[in-house]
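Right, one structure below, let's go through it.
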Amino acid sequence: MTPELHPGMKEYNRIFKECNHIYHDIALKLGLSDSGFDILYALCTLGDGCLQKDICDITLLSKQTIHSSVKKLVRDGYLFLKSGRGRDMHIFLTPAGKALTNEKIAPAIQIENLTFTDMTEAEQAEFLRLYQKCACSLRKYASQLLP
């Protein structure tokens, strides 16, 4: 017998999926794939010269997805790679990549900032606290389910 999903969890899932869909729509409107958007967004956050591992850590995308998307962004002329220590490859924006992020990623970040500041500081803190609590509980119970 399958347990019934709690109504609050149903609403949470709906909202979570709606937010994911909104980000997907933003990427499409900007002419980017979801992973391309995430990589350029991460570069705006992390700065030039970060590693693919840094982008994986911030986006939670797989190494393979990051690697193939970075390769495409390099082919498209938005990124270039520079060797670092060992096998490390540092990722940099080209002038075209900087123009793209200024034109397309920066406005998306501004929208996020406006969205977040629509809440009071107390609401922001409570939102983050509760979202983190939910993620911690989900991780705890998922670890019991998964080998």
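The values are calculated or read from the model by the stated rules, or taken from the named source; none is laboratory data. As the structure is a computational prediction, the values presented were derived from the model and not from experiment. Please note: Cβ atoms are built from the backbone with ideal geometry, for glycine as well, and neighbour counts cover all protein chains shown. Just so you know, the surface numbers come from the protein's heavy atoms only, side chains and all, with ligands and any DNA or RNA stripped out. Shrake-Rupley method; radii C 1.70, N 1.55, O 1.52, S 1.80 Å.
All of 44, 19 fail the test of being more than 23 Å from residue 82 (Cβ to Cβ), open to solvent by 30 Å² or more (accessible area, probe 1.4 Å) and under 18 Å from the mean Cα position of the chain (by Cα), apart from 19. Listed conditions (1) at pLDDT 95 or above; (2) over 18 Å from the mean Cα position of the chain (by Cα) are all met by residue 89, apart from (1). Here the range 101-147 is the region considered, the condition is being over 27 Å from residue 44 (Cα atoms) and among the hydroxyl-bearing types (Ser, Thr, Tyr), and the residue that is modelled with the highest pLDDT is 137.
Taking the condition open to solvent by less than 80 Å² (accessible area, probe 1.4 Å), under 17 Å from the mean Cα position of the chain (by Cα), in contact (Cβ under 8 Å) with a residue 24 or more places away in the chain and under 21 Å from residue 116 (Cβ atoms), does residue 66 pass? Answer is no for this residue.
To keep it simple, each residue is scored yes or no on (1) within 18 Å of residue 36 (Cα to Cα); (2) touching a Cys at 6+ places or on another chain (Cβ under 9 Å).
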{"residue": "62", "(1), (2)": "yes, yes"}
{"residue": "68", "(1), (2)": "yes, no"}
{"residue": "71", "(1), (2)": "yes, no"}
{"residue": "76", "(1), (2)": "yes, no"}
{"residue": "88", "(1), (2)": "no, no"}
{"residue": "94", "(1), (2)": "yes, no"}
{"residue": "107", "(1), (2)": "yes, no"}
{"residue": "120", "(1), (2)": "no, no"}
{"residue": "126", "(1), (2)": "no, no"}
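Criterion applied to 73, 100, 114 was being exposed (fewer than 15 other Cβ atoms within 10 Å of the Cβ) and either in a helix (DSSP H, G or I) or of a type in the set (D, E, K, R) (or both), and the one residue passing it is 114. Among the residues of the range 76-97, the ones that are open to solvent by 60 Å² or more (accessible area, probe 1.4 Å) and either in contact (Cβ under 8 Å) with a residue 60 or more places away in the chain or on the phi > 0 side of the Ramachandran plot (or both) come to 1 in all. Of all residues in the range 1-42, those being free of Cβ contacts under 8 Å to residues at least 60 places away in the same chain and assigned to a helix (DSSP H, G or I) number 27.
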